[in-house]
Each structure stands twice: as C-alpha cells, then as structure tokens.
1. What's the average, rounded to a whole number, of partner chain beta-carbon atoms within 10 Å of each residue's beta-carbon in A:146-157?
2. State, as an integer percentage, the relative contact order of chain C based on alpha-carbon contacts under 8 Å between residues 6 or more apart.
3. Taking a point 7 Å out from Cα toward Cβ as the label site, list the nm distances between residue D:222 and the same residue in every other copy, smallest first.
4. Pull up all non-local amide H partners of residue C:2: gap of 5 or more, or a different chain, and H-to-H distance under 5 Å with H placed in the peptide plane.
5. If you line up the long axis of helix B:142-152 against the longest principal axis of chain B, both from Cα atoms, how many degrees apart are they, to the nearest 10?
6. Treating only the Cβ atoms of Lys and Arg (+1) and Asp and Glu (-1) as charged, compute the dipole magnitude of chain D about its Cα centre; round to the nearest 20 debye.
7. Taking residue A:260 in one copy and the same position in all the others, each labelled 7 Å out along Cα→Cβ, what are the pairwise distances from the first, in nm, shortest first?
8. Evaluate the charge dipole of region B:192-238 about its Cα centre and quote only its size in Debye, nearest 20, assuming +1 on the Cβ of each Lys and Arg and -1 on the Cβ of each Asp and Glu.
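The values are calculated or read from the model by the stated rules, or taken from the named source; none is laboratory data. Values in this document were obtained by computation on a predicted structure and should not be read as measured data. Note that each Cβ is placed from the backbone with ideal geometry, even for glycine, and that neighbours are counted across all protein chains shown. Side chains are part of the model used for accessible areas, which takes the heavy atoms of the whole protein and leaves out ligands, DNA and RNA. Shrake-Rupley method; radii C 1.70, N 1.55, O 1.52, S 1.80 Å.
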Number of protein chains: 4
Amino acid sequence: MCRWLAYSGSPLLIEELLYSGDHSLIDQSLHSRFGAETTNGDGFGIGWYAQAPEPAVFHSVEPAWNDRNLRELAGHISSHLVFAHIRASTGGAIQQTNCHPFRHGSWLWMHNGLIRDFEQVKRDLVLAVDPELFPEIQGTTDSEVFFHLALTLGLEDDPPGAVARAVGLIEDVGSKHGVEYPIQMTVATTNGNELWAFRYSSEHQSRSLYFSTAVDALRTLYPDNPLFQQVDVETRLVVSEPLGDLAGAWNAVPESTWGVVQPGADEMHDFTPVPPTSPVAA
Amino acid sequence: MCRWLAYSGSPLLIEELLYSGDHSLIDQSLHSRFGAETTNGDGFGIGWYAQAPEPAVFHSVEPAWNDRNLRELAGHISSHLVFAHIRASTGGAIQQTNCHPFRHGSWLWMHNGLIRDFEQVKRDLVLAVDPELFPEIQGTTDSEVFFHLALTLGLEDDPPGAVARAVGLIEDVGSKHGVEYPIQMTVATTNGNELWAFRYSSEHQSRSLYFSTAVDALRTLYPDNPLFQQVDVETRLVVSEPLGDLAGAWNAVPESTWGVVQPGADEMHDFTPVPPTSPVAA
Amino acid sequence: MCRWLAYSGSPLLIEELLYSGDHSLIDQSLHSRFGAETTNGDGFGIGWYAQAPEPAVFHSVEPAWNDRNLRELAGHISSHLVFAHIRASTGGAIQQTNCHPFRHGSWLWMHNGLIRDFEQVKRDLVLAVDPELFPEIQGTTDSEVFFHLALTLGLEDDPPGAVARAVGLIEDVGSKHGVEYPIQMTVATTNGNELWAFRYSSEHQSRSLYFSTAVDALRTLYPDNPLFQQVDVETRLVVSEPLGDLAGAWNAVPESTWGVVQPGADEMHDFTPVPPTSPVAA
Amino acid sequence: MCRWLAYSGSPLLIEELLYSGDHSLIDQSLHSRFGAETTNGDGFGIGWYAQAPEPAVFHSVEPAWNDRNLRELAGHISSHLVFAHIRASTGGAIQQTNCHPFRHGSWLWMHNGLIRDFEQVKRDLVLAVDPELFPEIQGTTDSEVFFHLALTLGLEDDPPGAVARAVGLIEDVGSKHGVEYPIQMTVATTNGNELWAFRYSSEHQSRSLYFSTAVDALRTLYPDNPLFQQVDVETRLVVSEPLGDLAGAWNAVPESTWGVVQPGADEMHDFTPVPPTSPVAA
C-alpha cells in the first residue's frame, strides 16, 4: 500500500520532515519495515499550507528516493502543516492524478490501505458521490473516490462523522457485492487548522499508525535535544510508521480509533462506521 | 484537439508512416496546418497488430517530436495495421491513460474532437456505459467514455450502427443539459481486419479528414514512384490532414460520412446519429 | 533555441511572472513570436531565491504549458529574484539535467542560443573547464559547458569579464575547428543580488533581448496601473521577448551589449569577447 | 547497483524472459536477493535485435515493475538476442541517457557495478576516449564511459582484449588517484551474433553472475519440461542472479572470468586486466 506522514506545528523546512531520522519517510520509500509492501516507489505527493488558505500540492510519478525536484522543494519550503505520501500501487496506474494528497478547496486527504475488490464496487460508490463533486474526480484510485464520498457526506462540517458515514457506506456496498472485509485504512485529512487521523479496517487488523509524544513530555525525556526545545509545544506528527527508534517518542494509535490534532489538547476517540439509513442498490 | 493517422495495407516500418513526407504526423505535432491547435504536444500513442489478435499499444506523455523511444520502436517494428495519435489536450490531464488509441480486446479506437461541456454531461454518459465495461475506463477523457459507449451499444457487431447510437446518445444527453452542439469528431476504429472512420459534428462543421487515393490510381498518376509499385493495391491511409502535397494523393471525406477500409472495395456512406429510443434521464 | 525571463524586484508570486500578460512566458512556450522556434516544449526550469543564499531550482522535461506542478508552485511561491526558462532543444536529450537555469553555489545561469557545431568543439571546451569544476557538469548541453567555462574564467568575481573571456575562448576554439560563427547567445546570470544579462553573437545578428522600462517612468506613463504603483522602483524584468504589447514598457537591448540590474542605477555597456592569451590547442 | 539479463537463442517473446520464473528480472527490480541493493527502481532498458543489424533500444526512467509500455512491448516483440537491465543508481541522475544497454553501431553494452570515486577519475578517463567517439557520450554514468573506453581500445575487433585493456586503464587511473579498488563489474556486450560476459573486480569479490546450463543437459534433467524441448540447443542465458530455483539450471561464473556465447561450443577463460603501456597522466 503506502506510507504517509502528517505534520502540524512550528513552521519547519519540509526536508526536516522527509529526510531526517534513522528511518525517514524517504528511507521508507525504499525499505519500509511495517508496510504491506517494502518498496513504496509508485509516485509520491506532498501538500502544504503557505499564505493562501488553499494548500499547494506537488505530485510526481517518480520514486521519492531519487527525485531531485522533491529534494529542492523540501530544502526551500517551510510550512506549519504538511502532508506527505509515498505510494505502492495495488494495481492502478502510476500517474499524477493518482498521487495523494488529494485536494478539495482548503482540504487535503491521504489514505493508506484499500477498498477491496474496488473494480466490482467502484460504480456503486461513484454513483453515491454528489453529482456536483463527481466531475472533480481526476484519477482512478479508490482513495480519491473515498475522499469524495466523505465530502458528499459532510467532511467539511463534521470530519469524524463524515468519515464514519463514508466507511459505513463502503462496507454496505462491499457486503452487497459479497466482499468480506470491504475496507482497510489509515486516513489523514485537514482543513489547514485541524488535522484528523483515522485507523480502521473491516477485519479489525488495521495498518499501523503512530503519533508523536507531546513536546513537553519529550523535553523532559530528552532535555538536551535542541529540536524539542525549539519547536512549539503544540507540534505533532502522525505517521504510518515511526521515523526513528527514539524511545518514548512514538505511540501506536489503537485499533478503530480517530484522533484530532488541534489548538489546545489533542483528542482520541473510538471509531465506528455509520451504515447508510437508506440502502444503496447493488 | 489532436491529429491522427490510420494505416491498413502492406506491412510497413512504422517510421515510414510517422516520419516520412513533407508534412508527416510528427511534423504535425509541432506545426499542424489544419488542426484547431497548431501544437499537438500533450502526449501521443501508437497501436499496431503483430502476430497476436490483440494489438500492442505504446503511450507516452512526452511530445512525439523528440521522443527517443518512439523513434526506436518506429524504426524496428513493422505492421499491416497501425493507428497513431498525437494529442492536444482540451484540459484533461497529460497521462498515459488519457492517450489514444484506446484498446478493448482486439479493438482500437481514436478520436479527434470533443464532447462539449464534458464535465456537465460526464456523469450521465458514464452511467450509460455497461456496468461490465465500466471498470475498464482508465483515464479521464471524453474520448475513452465515447469508446465505451460505442462498445456498450454494439461496436463489436455493428461498428457504424454502434457509433451512430453512441453519437445519438451523446447528442440527447447534451441537449438535455443545454449544450448546443454536443459533439465534434473524427473517429477511427478497427478490429485488426477492417478499419472504420467517421467524420461528424453536431454543427455540421467537422474537423478535417482525408483518405489516400487507391494505389492502382496512384500507380497510373505516378508511374515512377517506387513506393506505389511496392505496396499492396489494398493499402490505404486515413488521416486528419494530408501528410504531404502530392497532387491527387489525398481526398477529403465529406461532412457527415463514415467509411470502411476492408478486403475488396472500400466504401463510404452517409452518417446519421441514431437517438436513443428510451430517453436517458438528465 | 529557447525563451527566458529574469526578474528582480519586489517579492512577487511566480505565477504573476509566468502566466500574466497578453503574451506570457507560458504562452510563448506554445506560440513564440520572436524565437527561432515557435514551440518551446522541450522542458523548462525555474530558479528562485528564498531565505537561503543558495537558490532553489525546479526542472521538468514536460512542456511548461500543461505542467500542473509548475502551476501549483507558481501559485504558492514568492520571490524577489526569479529565473525562468523554456527550452526548444537543438538536438540534445530532453532530460532534467539539460534544463536551465543551471546552478553553482549561489549562482544561476541560463542561455538562449547555441555554440555552433558543438559536437566538434565540445571536447576542447570541456578540457578548458577547471578540473575541480568538471565533475559538476551533469547534462550534455552547450549552455552548461558555457556556464562552467565562465565559472572557470572568474564569473564569481567579475561576471562581465568572465563571460567575455568565455566567449572569446569559444570563438577561438570554434574558429580553429572551422566554425564561421561559433556562438549565438543571450545569457542571464545572477548571484542573488545583482543580475547580469548579455546579448551577443559572432555574426552580430543576435537573438532578441528586452528589458522593462524603469518603474518610475512606467508610473508616469500609466498612472492608473496598480501594479506599477505597488512594485518597488528598482523592479526590473529582462526577457527574450516582451510579455505584452504595452506601449513604452519594453526596450530592446542593443546588439553586443551587457547590462546589470543592481541596487541603485542599472547599467548597460558594450560587450566585446576577450580572446585567450595562451592559445587552446585544437 | 543493478541487475541484468542477456539472452541468446531461439526467438522468444521478451515477456518470457522478463516476467516468467519464480524470481524473474521484473521481480528482482522490487526484491533482489543477491544485489548490493534490494530495490532496482531507477530506470531500466532493453535492447534487442530484429531484422536490422543495428539493435533497437527502449529506455525508461520509471521503475520496471509497473511500466505499462514495457509490459506491452514485451508481450509483442520476439527476438533471438535480448539484453535487459534494471538500474539502482549509485548517485547519478535518473534519465534515459543513463539507462543501459548502451549502443554503438551494432553493439550493445551493459554493466553492473561501478568505477569507484568516479567523480575524481572521470576527467582522466574521458580524456582517454577516442576524440571521434567522445561526442557520442550522452549520459553521465561510469558505465557509458567504460563502454567508450572499451570501444577506443578495440572492442569491435577483440572484445576480451579490449575489456582487459579498459579495465587495466581504469585501475591505473584509479590507483594514481589513490583509489584502492577502482572497479567492480559484471559486463555483457554483443555484436548481435556473439555475446561476451565478464565478471571481475579489483578486490576479487565480484558481484554475482550466472549462466544457464546447456539445453541438452537440461533436457536430460527435465525430460517433461516443454520449454527445454522447444528451444534451440544453443540457447543460453547469462544473468546477475538466477531467475528461479530450478536445481541444476544455473551455474556461477567463477571470479575473474570471461565467457562467450557463440555458434558452436561456448567458452570461459580467466580474465586478467591489461595495464596501459604508455602511462596516463593523473
């Protein structure tokens, strides 16, 4: 599948996020430890917020590990909110329109996992997308359809509820097509201010997801680490797998959980899909 | 829009088709005379038949004029039936899955023109595609949806009828969405044996289309031309615009016409769209 | 050949420079009026200065007109000093390492034109590059070798002198190989503070080069134009061809001239190549 | 480094060579067992002979495992002599001109390994290339310079001798620059009739190289295998690592050895570099 990283906090050069650490995201593109695939070389993308409310995105079909433009941009662009995603295709074409993060207005979305038997259920899912949003679908991934289902079901007003409804719909359509475990997912989405992350799968054996320990706790643990002194206490990373082996720095998100990184205390809650009330025809 | 070339006849090195002539297709990629755009640099594709009944396709997002792989392949591959297409995007992404010719089983399809206001009518058209064929749609072009509508409406059994029904459907859906002239097209399609070409537009001002003069007539006109002596009498080219200025070599396809290149005498007939009998909901 | 644009002045979104105007650089990539080629679709590059003294560069082998990443970056990155270049290859490979602007330390360099019969003179020119700089040559263009000759001959200390010596060397080597007019050029180079531009050719029929009228004069000419009120009086553009038809806004650089855009009054001087004192063996 | 495969024998669809077996070359691009790197995703190339004496080459900067054009071509092109190479860059740019196999006239060349400290020795090596051949160097790899040294030193007349002299030169130049082990290599080269392979390194711990067992022996070992009955007895594969686990099918090439696959009995001999008689200035 894929690997991803979401960062919210003090403005940081993107290269600090992508290339630093014993086991950086770029290193994971060649040698993932925890991923379903060890190589994530089927394109990548980054999204970041600068002055404008709408984020910038940069998508490439080349493997991330050797991409010179990514290295250049990462070395010259700072941001307080960054999404980065490296892709291992489960069959779909390697093209920029299939690269995460996806964008709608001021929102970004990225996904690791899959909608199982997507070829079978795709038509029903696409039909459930708001006809106004339908023309915005640019690529052929399950992840982008999932995003547009969440948008259709209220992502911009109630992210956790909209994702719960989208997952409920995907499970409903999947089960009508005889798919045993219709979805496997970790997802991150943001409006530029708050950042939501989800870990869930129909079989309750979800792909790994980690969040970084609160900065004040890290300062106590590692009083001599200059980075922890320097960044804002609100700084937080959510990642598919830890970027290094620093003891106490990384915490697994529990199975079937969503969380939000926000001004003030961050939160974690149980995640339960909400099935559709009016059934979708298969 | 685009430029295309369809060849049926004696096996020929593809480079003879693409790079030869005062005004070759590759030259047209930089300097089209008759196209809606003078530059056709948004990717290209070729399709050809070798031993297998299923044709090979080669798609690239680079401009054709400088593509080294195209030059290599064209210099080493011969075929009796070749489709070549150079793209000028009307807005869609530049990606291999948007490059013509499209393929389904042993069929190839390529299109110059557009379905107008495609963003508005796309959902209705996609819904009219056979659900079995729906997952095969890989890209985001109007041309690929058009192909799948024609397949849904019987392309493999009755190409002229299926294209007439597909165009009738597109015009019906377009008019329901208030589109004055829903379609502009020249189309080529083949099963590897016969080759059909269509010239039509809702406004009856269609993009140019030409076919080459019969080889026996060319031999009389140009008794000293070795190529005309060498190729089979059944050899025929259909092109968006002439590949050169040889007097008597090129003939315009009339407005609202379809033709077929086949063993024995080729044919041309009037083309009239067939509206759907059961209306499609807009 | 190519088209290029160099901007120095008030920080501006790069999209203002690339996509605005009746005849923007991106428009020139499809339809150049003054270039040796009308299509400049063989890759492009931009370079810009942000916080770091070393500029960022972004190179792509796709045509600029449809590149989504360029559109994204241009819409989110501001800079006070921007180089942009669109390439029409004269035969060399289309690859990122052949895209301008080239970089060395804090310096950028871009070139329109060519070293004639480069295949013949390349070895002698490459041998004249400082062995320390030799491994830095990444691509196969004449322009990059020209840059490294200028660096070898003192570009960082005396740009006009170093370029005069590099051109003198190129003419000397060329004439030893029987090349009648060894060089055709417009060049821009910068260290992040000053910006030098050159117009010269051995045949004294050089490619076009223009600079924008001083901002205070433009304010007088166009008192209602908000852009001219807004930007700093030191703001200056140097371009291969005017970005629009605004009367009085663009001035041709005379034949055989160099100029510098710098804090305070900008300057223009005659450009005369300086032949090598110790002859280079052909 | 890289992985490669050289095939000589009965005409075979290229997909049989690239995609078949428990551990095909395409599988090795994602998961090499024996390579210095497990991922070989930095571009690839194939070369093959058809009717013309000059081989065709196809180079791509995308990883081989998901390349749709490679899949298409491999499924439609047959050849009696095929080179295939998947690259893991040791630092050089990912561009088509850096993809193997390299071609000169009717010759192909590919290399796994490296010239150590190439940045330091490159200038001296490039100077040793015949000035007539110098302009043919298109990319920036050590492997292409090595090929042109071998051509300079007589590859077309005496391949084993020319490679011995080229390696001797590389070791001489390297030692003058203080490089302890100047070269690590497996190399394949062919003129379309014979195929030479080399295994050598200055430290005598060379990358792996295997050749397939003679077809008549395989027929005895596996009397029920239809492929072994079908292919010509002269058919031979030389590979960086075995394509599968069939007992008795693969044989390691000994350290410091060259071999030739040719009409009649193939041969293997000791490989000993030949130092230059007239020293090269460092």
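1. Across A:146-157, the average partner-chain Cβ count within 10 Å equals 0.
2. This gives 20 percent for chain C.
3. Label point to label point, same position, other copies: 5.2, 5.3, 7.4 nm.
4. Under 5 Å from the amide H of residue C:2 lie the amide H atoms of C:36, C:88, C:113, each far enough along the sequence or on another chain.
5. 80
6. Roughly 340 debye for chain D.
7. Copy-to-copy label distances for residue A:260: 5.8, 6.4, 7.6 nm.
8. 180
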